[in-house]
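A quick write-up on the structure given underneath.
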Amino acid sequence: MSLLSRVLLALGVGFISIGPGLALSSEALPRPAGLEPEIAFWRRIFAECTSGQGLIHDNRHLGIVYEKLDLSADANPARIGRLAEAARGRYERILRALGSGKRKGLTAEERRVLELWPQGTSSRELKEAAGRVRFQQGLAERFHAGLLRSGQWRDHIIASLRHAGVPEELVALPHVESSFDPNARSFVGAAGLWQFTGDTGRRFMRIDQAVDERRDPFASSEAAAQLLKYNYGVLGSWPLAITAYNHGTAGMRRAAERMGTTDIETIVRRFDGKAFGFASRNFYVSFLAALEIEQHPEQFFGPVTRQVPHPQLVVQVPDYMRVETLEKAFGVSRTTLQAYNPALLPPVWEGAKYVPRGFNLRVPTEAVIEAPPQQLLASVPASARFAAQVPDKTHRVKRGDTLSGIARRYGTSVTKLAQANGIKSGSRIRVGQVLKLPGRPGSPVSVAAAREPAPSATPAPAPAPARTAAAATTVPARPPADLPAVESPAAVREALGDAGGEAASRADPSNYLVADNDTVEVQAAETLSHYADWLEIGSEELRKANGWSRQRSLVLGQRVRLVFSNVSRETFLGRRVAYHHDLQEAFFTRYRIADTTEHRLRRGESVWVLASQKYKVPVWLLRQYNPTLDFDQVRPGTRVIFPRLVRVADNAAAVPAAA
């Protein structure tokens, strides 16, 4: 049993599914007294300091605020940066002087700075503080605007959280993520109200060439509730589950294990993980500050009148249709449809793609006064209905893409994809590169000529899970030539995301990192040949390093010693995570997670048989939902979480991914 398991069991926390109607105690979202200075800091940033102001502060002890800067309201980012940098330099010099032991002949400013620190603070601490001076710009106008916007979706978010068994107080989380701006995008590609990345978003939403539900406040709120529920199921603590929304479940599992506790104050104060930076460390306390303002906005901004939801109806589109067809059917403009349906991407509005069959189209209520919406759709002639989507002709390379992953996504081979683009199969591809897709058919025929059956939300078939990692997949004789070239720690972080490259997805709790003793924990769908290929050595060399016979197979969860004679640890990590990224991306382009089911094992039942025959879940995904369970050692009565999968309609013909 892992340390995290022992910690959670000691606290009476199990890995259980959270169902509707769960009674949450007042302790679900603790507010430790020791973190009040941090909460107060973010309260000032959210409600007191405007964008023309900011705080110069210590980045580990937010109660130490050296100065509130008042900048001109119309100052541009460059000027703000220069003024902030000048102030930082001034306090760094003061702290270095105090850190050198200076206590006599202090200037008024030096004395003021020294008095900000507790009496008896050592010179060493002050010297270290010189390297921690930080500037935080105010967000008051942005937060206030978010409060007003939030009224459009607040009721739906609370209902989604309640349905998932998540504390409804998490309705305040979008204030931290996006200020309730559905058009928000981050520099790492996160999008929407809840700032989902593509990798994590595909687990719970539809993201393809026609639809990106991250942009839809309604669909993304339901997905966020499922993700938060999942985080809690893995971590057993709401503060950790909330922090994992930013830092990833793998990182928070490791933090709890290293610190030997799930106490959020201990982790915030003492955990020094390489990827646990300022944003992750402050995510929970900034949420608590946002929650306080969200619940009592008038205390901070005076009277606040939230916007009301727009009256609208949801209509399921029965066939693939052009957007102009729907404009005519409902008698509404394209601009109106676009405002109500932000999940539809530009190719749909530009006519390059159809509105997908099964899409939940939102229309203003006044548009369907004269007749029911389904009656209006029934009037659309068969010639304006289509049996399939307009095929993709090109693919723009995104971060994390590989030739093999793109080939799998579009049902082709690496060889054909390479030939269509005049490149070698082993060529590296770059972000932003546009690739032609081979052998794409012509325009789809109308339903008058060929009608497909309506999509069904049935559980997705999946391959039978293997008991050992060695039997999980077939490995090429040579390393895949299209693995990304990742040779430096900075490149690893860029390739794997801003959570520190700990997982193929923020929602993936698996530990892919190499330990200090050059060992790794075996994950599902990995073989000894994989390790040999990623290390560019022979399998026999690995067997020798581990003292294994030829007959021995890898077992999930065991540790394997690696040999870094030909590649760096960063290169190995990049290749390993790229493999799991491709595996998971291919799977989640075909399936999404609709919910979870808690199964209590009965005598004689096998987790492996249940996964392969009843729940049809690949072993790597099952491991993610039960990261601390040893499936070969479980006993009757053990709770096992199985994700419930539904097939993405447009990808129904895709070949299932390897387990």
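Coordinate-derived values only; no laboratory data. The model shown is predicted, which means the values in this text are computed figures rather than measured ones. As a convention, Cβ positions derive from the backbone with ideal geometry for all residues, glycine included, and neighbour counts pool all protein chains shown.
Ranked from highest to lowest mean number of other Cβ atoms within 10 Å per residue, what is the order of the peptides 365-374, 237-246, 508-517? Write down the numbers at each step before the final one.
Numbers: 365-374: 13.1, 237-246: 25.7, 508-517: 17.7.
The densest-packed peptide leads the list: 237-246, 508-517, 365-374.
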Here the residues of region 313-332 lying in the modelled label zone of D155, meaning backbone nitrogen under 20 Å from a point 7 Å along Cα-to-Cβ, are 313-315
proj_area_mean for region 184-240 (convex hull on C-alpha atoms), units nm², value 4.2 nm²
Rounded to the nearest 0.05, FRET efficiency between A594 and S186 (Cβ-Cβ, R0 25 Å) equals 0.40
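Between E350 and Q119, how high is the FRET efficiency from 1/(1 + (r/R0)^6) when r is the Cβ-Cβ distance and R₀ = 56 Å? Nearest 0.05. Don't jump to the answer; show the numbers that get you there.
Details: r = 66 Å, r/R0 = 1.18.
Using R0 = 56 Å, I get an efficiency of 0.25.
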By the C-alpha gyration tensor axes a ≥ b ≥ c (rounded if a/c is under 1.5, else prolate when a/b exceeds b/c, else oblate), the shape of region 319-386 is oblate
Once both label points are put 7 Å beyond Cα along the C-beta direction, the R644-Q419 separation in nm becomes 4.5 nm
Burial-style ranking of 598-610, 378-390, 264-276, average other-beta-carbon count within 10 Å with highest first, yields 264-276, 378-390, 598-610
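In region 94-129, which trypsin sites (Lys or Arg not before Pro) are in a loop and have at most 13 other Cβ atoms within 10 Å, using DSSP for the loop call?
Numbers: sites: R96, K102, R103, K104, R111, R112, R124, K127; in loops: K102, R103, K104.
Loop-located and lightly packed - R103, K104.
Rounded if a/c is under 1.5, else prolate if a/b is larger than b/c, else oblate: which is region 344-432, with a ≥ b ≥ c the root eigenvalues of its Cα gyration tensor? Don't jump to the answer; show the numbers that get you there.
Working: a/c = 4.01, a/b = 2.73, b/c = 1.47.
Here region 344-432 falls in the prolate category.
Mind ranking 290-298, 393-401 by how tightly packed they are, going by the mean number of other C-beta atoms within 10 angstrom, highest first?
Working: 290-298: 17.9, 393-401: 16.0.
By packing density, highest mean first, the sequence is 290-298, 393-401.
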Among K68/K102; K68/K104; K328/K436; K353/K416; K274/K398; K229/K436, the pairs whose Cα-Cα distance exceeds 29 Å are K328/K436; K229/K436
A convex hull over the alpha carbons of region 50-138 yields, per residue, a volume in Å³ of 86 Å³
Full extension between A339 and L106 adds, at 0.36 nm per residue less the Cα distance, a length in nm of 77.8 nm
